[in-house]
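This report concerns only the one structure given below.
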There are 2 protein chains.
Amino acid sequence: MLPKLFHDLPANALKNINFQKSETIFRQYDETCGLYFVISGKVSLKRHSPNGDEIIIHNAGKNETFAEAALFSKEYHCDATAIETTQLVLINKAAVLAQMASNPIFAMNLSAQFARQIQIYRRRLEIQAIQSADERVYAAIGDGMLQGNIIKELAAHIGLSHEATYRSLANLVKRNKLTKFARGKYIIK
Amino acid sequence: MLPKLFHDLPANALKNINFQKSETIFRQYDETCGLYFVISGKVSLKRHSPNGDEIIIHNAGKNETFAEAALFSKEYHCDATAIETTQLVLINKAAVLAQMASNPIFAMNLSAQFARQIQIYRRRLEIQAIQSADERVYAAIGDGMLQGNIIKELAAHIGLSHEATYRSLANLVKRNKLTKFARGKYIIK
DNA sequence: GACCAAATATGATTTCAATCATATGTATAT
DNA sequence: ATATACATATGATTGAAATCATATTTGGTC
């Protein structure tokens, strides 16, 4: 779901684009044209260090934006590549900047959107820092991080192996901390 | 170092405040008055879940801002408490919002600041997800995350025990991937 | 220079998640 | 109804970080 604030932009500021697996979206040093929203699929954002190592910046998945910093920079800071078949919305930089300049409410909504994202990432860092798989899974479920009903995706999202995640879920149910009400569906007790 | 953009605010929009260890800075549901910058010390941001568990949102340390989302909300979303003696700058919400409304450049700079923070947190998530302590330490050093010269702080920052961190540093030096040029000082080869 | 607290270093042991291996269940397409 | 790909589940083993225990070094203060 594209964040509501972007609907305030002119219609031609939003452009759907499809990418095949392994296709390049943009490269580091390309001139920036906008930020992106992921409708479906997954995008890998990477950079190369001076000594040639590959630095993973982020993998952006469904319902996430990426390349926000591109709004404020002439060049993209990294390479973006589709990990799988991917559908994106390109949100035009010039349109965003123009809207920010002319509509203070839009500018404020954009800052608010970014501030919310900061909050989300901070919490994710805390969760990922939890050593115990059981406690990490419990925290993630509590935070609503199980979005669909695929446990394997939750596992990847919180940095656990899928096996450890299944086990933790089973333990938590056994310990009466969670209820499993359907396949891939749990609630906190 | 307070981000430059906040210097564009009127002087009375910035207020230094000191807190003793364990002192409350704000509580969840308090009316928001602004965001904060940490000059020194550490602040714990926590919330309580419906069933009484304590949820750690973030620990904010030196040179970080926190409570950014307060700019866009009537109430604080969590409790903030000083973990140790702490010196903060309170950045006045009304002044920030007024400046955003009247100065599009300021609004843009604030969004840019937040976008940079998003980038930093995303990268930190990736680093923290690296299983191998050696590779995690290497990535963190490469990203300039060793800010002072206290390895123990780096360890806490990247989610490793201090022992594992010292060991990894020693391994990386032995493997010729890092050079130690002083106590607590390393560079990538 | 002496003292002290904290950081760093290192050895040994424990813990538990990752990994490997296999089996079962399930949603989807035909 | 059947076939298939993928998710889920579970047992066994491995590996490496956490933890525990000590020792040494170092920076700051007096």
Subject >> Rel. contact order, % - alpha carbon contacts under 8 angstrom, at least six apart, the stretch B:40-81 >> reply: 46
Subject >> Average beta-carbon neighbours from other chains, 10 Å sphere, peptide A:101-113 >> reply: 5
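Determine the equivalent ellipsoid of the protein assembly as shown by diagonalising the alpha-carbon gyration tensor, then write out the semi-axes as square roots of 5 times the eigenvalues, largest first, rounded to whole Å. Before the final figure, lay out the partial values.
Numbers: eigenvalues 176, 153, 129 Å².
The equivalent ellipsoid of the protein assembly as shown has semi-axes of 30, 28, 25 Å.
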Subject >> the protein assembly as shown, dipole about Cα centre (Lys/Arg Cβ +1, Asp/Glu Cβ -1), debye to the nearest 20 >> reply: 820
Original post:
Under a plain spin-label model, where a point goes 7 Å from the Cα along Cα-to-Cβ, how far apart in nm are A:GLN20 and B:GLN87?
Top reply: 6.0
Subject >> C-alpha long axis of helix B:133-142 to longest principal axis of chain B, angle in ° >> reply: 60
**OP:** Please sort B:172-182, B:24-34 by packing, taking for each peptide the average over its residues of neighbouring beta carbons within 10 angstrom, highest first.
**Re:** B:24-34, B:172-182
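For the stretch B:10-78, give the magnitude of the charge dipole about the Cα centre (Cβ charges: +1 Lys/Arg, -1 Asp/Glu; no others), in debye to the nearest 20. List each step's numbers first, then the result.
Numbers: 8 positive and 8 negative charges, 42 e Å.
Dipole of the stretch B:10-78, to the nearest 20 debye: 200 debye.
Output the relative contact order of the stretch A:130-188, whole-number percent, from Cα pairs under 8 angstrom with separation of 6+ residues. The partial results should precede the final answer.
On the way: 57 pairs, mean separation 21.6, N = 59.
Once divided by the residue count of the stretch A:130-188, the mean separation gives 37 percent.
Rounded if a/c is under 1.5, else prolate if a/b beats b/c, else oblate: with a ≥ b ≥ c from the C-alpha gyration tensor eigenvalues square-rooted, which is the stretch A:38-86?
Values: a/c = 2.77, a/b = 1.32, b/c = 2.10.
The shape class here is oblate.
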Original post:
Roughly what angle does helix B:162-174 make with the longest principal axis of chain B, taking Cα atoms, 0 to 90 degrees, to the nearest 10?
Top reply: 50
Original post:
For the charge dipole of the protein assembly as shown, defined by +1 on Lys and Arg C-beta atoms and -1 on Asp and Glu C-beta atoms about the Cα centroid, which residue among B:PHE72, B:LEU160, B:GLN20 has the Cα displaced farthest towards the positive pole?
Top reply: B:LEU160
Subject >> Fraction of alpha-carbon pairs over 23 Å apart in the stretch B:4-103 - percent >> reply: 24
Original post:
Here are some pairs, A:LYS152/A:LYS189; B:LYS46/B:LYS180; A:LYS42/B:LYS42; A:LYS189/B:LYS62; A:LYS4/B:LYS74; which of them have Cα atoms lying more than 27 Å apart in this structure?
Top reply: B:LYS46/B:LYS180; A:LYS42/B:LYS42; A:LYS189/B:LYS62
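Using only atoms on other chains, find how many Cβ atoms lie within 10 Å of each Cβ of peptide B:138-146 and report the average.
Working: counts 1, 4, 0, 0, 5, 2, 0, 0, 0.
Partner-chain Cβ atoms within 10 Å, mean over residues of B:138-146: 1.
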Original post:
Against the longest alpha carbon principal axis of chain B, how many degrees, from 0 to 90 and to the nearest 10, is the axis of helix B:93-102 turned?
Top reply: 80
Subject >> Proximal aspartates and glutamates relative to B:LYS185, as straight alpha-carbon distance under 20 Å, when same-chain residues fewer than 8 apart are discounted >> reply: B:ASP134, B:GLU135, B:ASP143, B:GLU153, B:GLU163
Original post:
Under the rule of -39500 (n - 2.57) per DSSP H run of 4 or more residues, summed and divided by the residues of chain B, what mean residue ellipticity at 222 nm is obtained, to the nearest 500 deg cm²/dmol?
Top reply: -11000 deg cm²/dmol
Subject >> Percentage relative contact order, chain A, counting C-alpha pairs under 8 Å, at least six apart >> reply: 20
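Say R0 is 41 Å: what FRET efficiency, to the nearest 0.05, do A:ASN176 and A:ILE55 get from their beta-carbon distance? Can you show the working numbers first?
On the way: r = 43 Å, r/R0 = 1.05.
Approximately 0.45, to the nearest 0.05.
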**OP:** Would you compute the Debye intensity of chain A from its alpha-carbon atoms alone, equal scatterers and no solvent, and pass along log10 I(q)/I(0) at q = 0.13, 0.14 Å⁻¹ to two decimals?
**Re:** -0.80, -0.90
Original post:
Simple spin-label model, 7 Å along Cα-to-Cβ: A:TYR166 to B:LYS74 in nm?
Top reply: 4.8
Subject >> Rounded, prolate or oblate (a/c below 1.5 giving rounded, otherwise prolate when a/b exceeds b/c) for the stretch A:130-188 by Cα gyration tensor >> reply: rounded
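Pull out a ≥ b ≥ c, the square roots of the eigenvalues of the alpha-carbon gyration tensor of the stretch A:47-138, then state rounded if a/c is under 1.5, prolate if not and a/b is larger than b/c, and oblate in the remaining case. List each step's numbers first, then the result.
Working: a/c = 2.07, a/b = 1.32, b/c = 1.57.
Oblate is the answer for the stretch A:47-138, as a/c is 1.5 or above yet b/c matches or exceeds a/b.
The numbers here are math on the coordinates, done by the rules we state, and not lab data. Owing to the predicted nature of the structure, the values given are computational and were not obtained by experimental measurement. Virtual Cβ from ideal backbone geometry, glycine too; neighbours counted across all protein chains shown.
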